[in-house]
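Report on the following structure.
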Amino acid sequence: MKVIELGTQEYLSTWQAMKDFTDSRTKDSEDELWVVEHPSVFTQGIAGKSEHLLNIGTTPIVKTDRGGQITYHGSGQLIVYCLIDLKRLGIGVKKIVSIIETSIIDLLNLYHIKAHIKIGAPGVYVNHAKIAALGLKVKQGKTYHGLSLNVDMDLQPFSQINPCGYQGLKVTQVQDLADNKVYFSKIAKQLTQLLTHHITRAQ
């Protein structure tokens, strides 16, 4: 599993790079995790409905090809794109979603934050407030897109939408729940290590 740290990148160019990577993969291509932050942007999944856009203002909206509804990305949010060959691993979409959720829950446990999942609503929650969102695209047995974890960011833009299509859904972040100061780079390293561990065990 290769971990690629991209720093801050525009959403559209990163999305195109994911598609290009997936289209050019061979059966021997190594799986990759891309760690990135995006400048402020709303992204709308393939099932997205306009009724979930409440008061967008000037922030751009991108209609993308991942699953799920609308969400927000911005500085201080950790995004890990999961470029995984499910067919080679011999696992399905439900299993990789479970692996991602488990990895996030394990990470939060390191910070003494008790997190949980909701049946039928992918993502990770703390006291029913969403702290991490998931959205994947599967093409010929290979995934792209991935997860976003709110680390230390401005949460206000989430009030401009129904996050992930749920009216009144509260959101939270690691910094507001942790006992001490959290460090983005440390959390990114811990999460990619956990993802690598759980994905490797699934083989």
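Values in this text are rule-based calculations from the coordinates and carry no lab data. Given the structure is predicted, the values throughout are model-derived calculations rather than measurements.
Details
- For the range 54-65, 3J(HN,Hα) computed residue by residue from phi via the Karplus equation (6.51, -1.76, 1.60; θ = phi - 60°) reads 9, 7, 6, x, 9, 5, x, 10, 10, 8, 10, 10 Hz, glycine and proline entered as x.
- The spacing between the range 48-82 and the range 186-203, judged by their C-alpha centroids, is 25 Å.
- For the chain, share of DSSP beta bridges that run antiparallel, in % to the nearest 5: 75
- Candidate aspartates and glutamates - alpha carbon under 16 Å from K49, same-chain residues fewer than 8 apart omitted: D65
- Global form of the range 60-199, assessed from the alpha-carbon gyration tensor, a/c cut-off 1.5: oblate
- In terms of distances greater than 24 angstrom between alpha carbons, the cross-link table entries K94/K114; K19/K186; K2/K189; K94/K139 yield K19/K186.
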